[in-house]
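Only one structure is covered here, and it is reproduced in the block below.
The values are calculated or read from the model by the stated rules, or taken from the named source; none is laboratory data. Note that the structure is predicted; figures quoted are calculated from it, not measured. Cβ: placed from backbone, ideal geometry, glycine included. Neighbour counts: every protein chain shown.
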Amino acid sequence: MLDDEPAFAEPGDSSLDAPASPAASPSPEPSHDVAPTLPEPPALCDLTGDANWSTLVPAFEELPAIRLAYLHCVLANVFEHSPILDAERRLTDELTIINLCLGMLPNTPRKPARSLVTARRRLGLNVNDYIELKAVCTKCFKVFSTDEIAALNSPECTESKCPGRVYNETRKRSGPAIPGEEDGAFKRVPAKVAAYAPLLKALPRYFLRKEFVEDLDTSTHTEPPRTLAEHEPMYDLQDAEAYRSTVLDHARTILQDGSVQDVKVFSGAQRTLRSVRYGQSFTINIDWFGVTEGRPHSVGAVYLTFNNLHRSVRYLQRNVHLLLVIPGPHEPSLEQLNHMLEPGVQELKIIYSGL
Ligand SMILES: [Zn+2]
């Protein structure tokens, strides 16, 4: 759970144009129901994987006008649904105007970008840094890491009775042939891939957005949980008992007799999720949709929503995390779905233990 306050967070700043939300209340006092025996939360760490995050992106070495042209090009493609060629034509037009105004286009430190992909890279908007292509078995959808694929003796899936393949070998040699090591001369290419957006990389991006943090429900720091009257209708899922009373400090444990039980990890008073200022409760949503007209090709989307967000903004596109795209052509079986969700489950376990 994200327990530390982001450096920019100013919960008492009511001048911001955000929906009415509990986060706009005065700066809350620390929670009193935190067990004194709980360990210190771990130090915050950079989860984005970008070690040079403080370095300005390459576009800042170029003229502001050119940087703005890059931005217009990318925004047109991403938000205005401009095809790539139209976005690049726009970039060319703006560079032509800059050329007319300045009399020339600078060639240092580098020539202005003319393509969308280059403009995006110079702006540091590499969305591929946040999307992983997971290799999965063609039949059971079990996820295999690169190391696991390299260690396999054959392309067959390792799941019991699964007839699927994990990788194909390309004919093209990936490197110089080594006599006597024929296996290493061919490249192993995943037979099927699924797009996965790691939650641990995405979470910091959400919490770096000021309005996202301000729209989170943090009311329990100052207000006792409100109990609904017997016949009072619920206004939102945040009124639900399960949301209000979710208790932390439990872990799913396999007991000696093989039974599975959620047991308390720490002694002391119970702590609810909502007592942790940035404690998050998620909903995992799954839906399928056809991607081709007239042909039955169904693709699945697993997306994650933040229950703590105010309901007016909870399902806005920018606040919904597309965790996983399940490849078609058919809706997956329960086994396939369980395999595909495994990376997400592992990340949620890490998040549950605290970030
Ligand atoms: Zn398999």
Exclusive hit being modelled with pLDDT under 50 and not acidic (Asp, Glu), set ALA113, ALA135, ALA23: ALA23
Qualifying residue in region 212-226 (condition: closer than 30 Å to TYR167 by Cα, at pLDDT 80 or above and not acidic (Asp, Glu)): no
Residue within region 290-305 that is small (Gly, Ala, Ser), in the same structural domain as ARG209 (by TED's automatic domain parsing) and not in a strand (DSSP E or B) present: yes
Whichever residue in region 147-183 is β-branched (Val, Ile, Thr) and either assigned to a strand (DSSP E or B) or modelled with pLDDT under 90 (or both) and, among such residues, is nearest to the ligand (Cβ to nearest atom): THR170
Residue satisfying condition, being within 28 Å of the chain's Cα centre (by Cα), within 30 Å of ARG318 (Cβ to Cβ) and in contact (Cβ under 8 Å) with a residue 24 or more places away in the chain, within set ALA87, ALA76: ALA87
Single match in LYS161, LYS142 (criterion: in contact with a helix residue (DSSP H, G or I) (Cβ under 6 Å, 6 or more places away or on another chain), among the charged types (D, E, K, R) and closer than 21 Å to LEU341 by Cα): LYS142
All positions within region 118-146 that are farther than 30 Å from LEU68 by Cα and away from the ligand (no atom under 15 Å from the Cβ): LEU133, THR146
Residue within region 298-312 that is aliphatic (A, V, I, L, M) and touching an Asp or Glu at 6+ places or on another chain (Cβ under 8 Å) present: yes
